[in-house]
Amino acid sequence: MRSLLFLVLISICWAEPHPNNSSLEHEGIIHIQEENGPRLLVVAEQTKVFTHRGGNVTLPCKFYHEHTSTAGSGTHKIRVKWTKLTSDYLKEVDVFVAMGHHRKSYGNYQGRVFLKESSENDASLVITDIMLEDYGRYKCEVIEGLEDDTAVVALDLEGVVFPYSPRLGRYNLNFREAQQACRGQDAIIAAFDQLYEAWRAGLDWCNAGWLSDGSVQYPITKPREPCGGRNTVPGVRNYGFWDKERSRYDVFCFTSNFNGRFYYLIHPTKLTYDEAVQACLKDGAQIAKVGQIFAAWKLLGYDRCDAGWLADGSVRYPISRPRKRCSPNEAAVRFVGFPDKKHKLYGVYCFRAYN
């Protein structure tokens with residue numbers, strides 16, 4: 001809101017033409033003076049901030065008045081509100097509100113968020129103990145009286161996107177089941193931006209999977225006949241939005257680093273699935289999840305040529321250094337399959353959480 005005061009002075013001077021004075025002309029002068037009141041401006045010094053799961057991060061936000069050097073006019077109390085934008089931008093999730101000495105945080109953010117307040121115009125939000133679900137775009141809104149302004153900051157997490165389908169086989173998950181499948185593997189359902197970045201890094205997968213906005217897509221870096229044809233342009237192919245209850249696809253999950261140790265258990269014999277679960281427990285750990293083997297492979301460079309059981313009953317092994325007999329053509333988490341749990345024998349990957 002700005003108040004305007006216009007002062008208009010019109011001075012018109014008329015002169016009779018004078019044959020001996022050609023410099024004398026008709027003259028009309030209009031003087032306009034504009035006086036503006038304070039205009040609230042909200043600024044984010046960075047539009048994107050990177051962090052990792054378990055870390056702390058500051059989402060920058062400061063407010064100013066365009067025509068004054070002070071943070072606030074002193075007439076009204078400053079209200080700061082942080083919300084998280086949903087993928088379709090139609091809804092916002094409350095995160096934190098502050099006005100004077102009053103502070104309130106919401107949902108999973110309770111006890112993890114506060115204002116930095118390094119200066120009187122600092123509305124930056126500090127988030128501690130970052131969760132996978134914290135990924136996304138946040139809006140900082142500052143309100144003073146009838147004036148308000150906003151800024152948006154994206155919070156990005158270091159991590160890895162991986163395709164997932166359950167033991168039942170491909171295209172067996174509706175959207176809700178896809179979300180649960182990712183959570184069960186120490187991950188969340190991936191956002192389009194995360195899948196796009198994974199595609200840029202080389203992810204190529206022909207099976208379509210759910211994303212967090214309810215769309216179904218898949219990344220192609222090497223066009224080929226079973227995946228849209230040889231003349232397909234490389235990219236993230238979009239199937240569009242489907243019925244979340246009735247439609248069934250695979251899912252793309254996202255996970256970040258973990259607070260613990262991922263390792264292959266050295267054991268004198270190969271194990272059935274149940275024996276593998278017990279062997280990890282006996283070692284003070286739990287059988288590892290799919291998200292944990294992907295995080296160890298991508299973020300820690302974990303490399304092991306031994307196939308091992310994971311918690312979902314699948315058998316996989318991570319290769320960071322391609323070599324003969326161990327994924328010679330590419331670095332990848334190799335998928336063996338879902339073997340018979342009672343009769344097939346493999347090693348096991350375990351995960352021990354840090355306290």
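The values are calculated or read from the model by the stated rules, or taken from the named source; none is laboratory data. Everything numeric in this text was worked out from a predicted model, so none of it was measured. Cβ atoms come from the backbone with ideal geometry, glycine included; neighbour counts cover every protein chain shown. Ligands, DNA and RNA are excluded from the accessible area calculation, which covers all protein heavy atoms including side chains. Shrake-Rupley method; radii C 1.70, N 1.55, O 1.52, S 1.80 Å.
The table that follows gives values for the structure above.
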read-out: Residue in the stretch 114-137 that is assigned by the TED database to the domain that holds Tyr249 and part of a strand (DSSP E or B) present; value: no
read-out: Candidate set from the stretch 331-352 (those that are among the small types (Gly, Ala, Ser) and assigned to a strand (DSSP E or B)); member that is nearest to Val277 (Cα to Cα); value: Gly347
read-out: Positions within the stretch 308-327 being out of contact with any Lys or Arg (no Cβ under 7 Å at 6 or more places or on another chain) and of a type in the set (A, V, I, L, M), in sequence order; value: Val315
read-out: Check on Val236, in the same structural domain as Asn174 (by the TED database), among the aliphatic types (A, V, I, L, M) and modelled with pLDDT of 95 or more; value: yes
read-out: Residue that is farthest from Tyr273 (Cα to Cα) [pool: residues in the stretch 286-313 that are among the basic types (Lys, Arg) and touching a residue at least 60 places away in the same chain (Cβ under 8 Å)]; value: Lys298
read-out: Near pairs, Cβ below 6 angstrom, 6+ apart or cross-chain, from the stretch 234-253 (farther than 12 Å from Tyr171 by Cβ) to any residue that is open to solvent by 60 Å² or more (accessible area, probe 1.4 Å); value: Val236/Tyr196
read-out: Selected residue (criterion: nearest to Leu211 (Cα to Cα)) from residues of the stretch 88-113 that are surrounded by 15 or more Cβ atoms within 10 Å (Cβ to Cβ) and not aliphatic (A, V, I, L, M); value: Glu92
read-out: Top-ranked residue of the stretch 286-330 - restricted to ones that are over 30 Å from the mean Cα position of the chain (by Cα), crowded, with 16+ Cβ neighbours inside 10 Å and not in a strand (DSSP E or B), ranked as modelled with the highest pLDDT; value: Ala307
